Amino acid sequence: MSKETSRWKNAERQLANILSEYGIPAERISRAGNYSESTYDVRVLGFPELKCDSKYSIKGFLTSRLLEVVREKYCKNKGDIPIIFCKGYKERRGKIVIDVDFFAELLKCWISQKNFERSVDQNLDQWVKDGEIG
């Protein structure tokens, strides 16, 4: 395995590990040498709608450098969170760049809400089935 391949695979593993640290069941999708299959890199178990892809660059990415500039320039207090909004020419909407730990916290809240909604739906279905509500 080349160094480049190893580095991007490690980035995929790191994303899965960071999400797992926050209690989010995530795993790296191994292609086991079958690169003809086009799929995303990290699966969040129970949430097939989430498509997590990982990118790695030796040089880094412009957005990462910009996020550090925002952090250094504006984040003076503990708990301050740098956020960048990026919008290109003719793009209708933009993209947000945030730290992976902040993303994991947001994802954890979103998953908790989705699980609660699923639980309520299941309970309502059961109550209707049992004739407890009509």
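What follows draws every value from the coordinates through simple rules; no lab data is involved. These figures come from a predicted structure and were not determined experimentally. With ideal geometry, Cβ positions are generated from the backbone for all residues, glycine too; neighbour counts draw on all protein chains shown.
Here are a few things to note about the model shown:
- Pairs with C-alpha atoms separated by more than 32 Å, drawn from the list K95/K129; K76/K114; K9/K108, are K95/K129; K76/K114.
- Among [x] 23.1, 75; [y] 16.4, 56; [z] 19.6, 62, the entry derived from the coordinates for Rg and Dmax of the Cα atoms in Å: [z]
- Computed FRET value (nearest 0.05) for Q122 with T39, which takes r as the C-beta separation and R₀ as 30 Å: 0.55
- The stretch 86-134: GluC sites (Glu not before Pro) in DSSP loop, at most 15 other beta carbons within 10 Å: E91, E132
- Taking the longest Cα principal axis of the chain as reference, the axis of helix 3-21 is set at about 40 degrees.
- Residue by residue, the stretch 77-83 carries 3J(HN,Hα) couplings of 10, 4, x, 5, 10, x, 9 Hz when phi is fed to the Karplus relation 6.51 cos²θ - 1.76 cosθ + 1.60 (θ = phi - 60°); x denotes Gly or Pro.
- Residue by residue, the stretch 92-107 carries 3J(HN,Hα) couplings of 6, 10, x, 10, 10, 10, 9, 5, 5, 5, 5, 4, 4, 4, 5, 5 Hz when phi is fed to the Karplus relation 6.51 cos²θ - 1.76 cosθ + 1.60 (θ = phi - 60°); x denotes Gly or Pro.
- A crude spin-label estimate for the pair N17 and K73, with each label 7 Å from Cα along the Cβ direction, gives 3.3 nm.
- Label-point gap, in nm, between K55 and K114 - each point 7 angstrom along Cα→Cβ: 2.3
- Under DSSP loop assignment and at most 14 Cβ neighbours within 10 Å, longest trypsin sites (Lys or Arg not before Pro)-free interval of the chain: 94-134
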